[in-house]
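The values are calculated or read from the model by the stated rules, or taken from the named source; none is laboratory data. As the structure is a prediction and not an experimental result, all values here were calculated from the model. Using ideal geometry, Cβ is built from the backbone for each residue, glycine included, and neighbour counts are taken over all protein chains shown. For the accessible areas, the whole protein counts, side chains as well, though only heavy atoms, and no ligand, DNA or RNA atoms are used. Shrake-Rupley method; radii C 1.70, N 1.55, O 1.52, S 1.80 Å.
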Amino acid sequence: SDQTQSADSTDNNSNTNNNDNNDDTNDDSREYQINELLSLFPSLQYGMDVNPKLAAGPTGVEYTKNMTAFDLMGVELVHGWLVDPNDEQAKVVIGSKTYNELVE
């Protein structure tokens, strides 16, 4: 009986340590995201550069540092820059290009 309790305690401690390691990884990732977001704040007074992928639907965007703000808050960014599905010529010209690629 004492040996069983001892083994159970060891298992519980190892599970706790594994969870602590996952928490540390999540904390490091979150800290990195927060630092990225803080570095963006000074430039937000001028706007935010978001580069939509026109043929990828309303959630298609090129991932940039600016997207960190949305990721950190758990907000899905959507845009209205869509290709008319009936306009075959536009679909051919646009393909999988982003807005920035098209205006260059």
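So which of L54, L82, L37, L102 ends up being in contact with a helix residue (DSSP H, G or I) (Cβ under 8 Å, 6 or more places away or on another chain), hydrophobic (A, V, I, L, M, F, W, C) and modelled with pLDDT under 85? Don't jump to the end; show me each part of the working.
Working: L54 fails: modelled with pLDDT under 85; L82 fails: modelled with pLDDT under 85; L102 fails: modelled with pLDDT under 85.
After applying the criteria, what remains is L37.
In the set K91, K53, K97, K65, which member is open to solvent by 70 Å² or more (accessible area, probe 1.4 Å), in contact with a Gly (Cβ under 6 Å, 6 or more places away or on another chain), on the phi < 0 side of the Ramachandran plot and not polar (S, T, N, Q)? Spell out how you get there, then give the answer.
Details: K91 fails: in contact with a Gly (Cβ under 6 Å, 6 or more places away or on another chain); K97 fails: in contact with a Gly (Cβ under 6 Å, 6 or more places away or on another chain); K65 fails: in contact with a Gly (Cβ under 6 Å, 6 or more places away or on another chain).
Result of the check over K91, K53, K97, K65: K53.
Any residue in the stretch 50-64 that is outside any loop (DSSP other than H, G, I, E, B) sitting within a Cβ distance under 6 Å of a residue that is open to solvent by 40 Å² or more (accessible area, probe 1.4 Å) and hydrophobic (A, V, I, L, M, F, W, C)? List the pairs, counting only those 6 or more apart or interchain.
P52/W81; L54/W81; V61/V50
If you go through the stretch 14-28 one residue at a time, do you hit one that is modelled with pLDDT of 80 or more, open to solvent by 80 Å² or more (accessible area, probe 1.4 Å) and among the hydroxyl-bearing types (S, T, Y)?
Applying the first criterion (modelled with pLDDT of 80 or more) to the stretch 14-28 yields 26-28.
So of that shortlist, the ones also open to solvent by 80 Å² or more (accessible area, probe 1.4 Å) come out as 26-28.
Add one more test, that the residue is among the hydroxyl-bearing types (S, T, Y), and what stays is none.
For the stretch 14-28, residues modelled with pLDDT of 80 or more, open to solvent by 80 Å² or more (accessible area, probe 1.4 Å) and among the hydroxyl-bearing types (S, T, Y): absent.
For the stretch 76-88, give me the residue count where each residue is open to solvent by 70 Å² or more (accessible area, probe 1.4 Å) and under 11 Å from the mean Cα position of the chain (by Cα).
1
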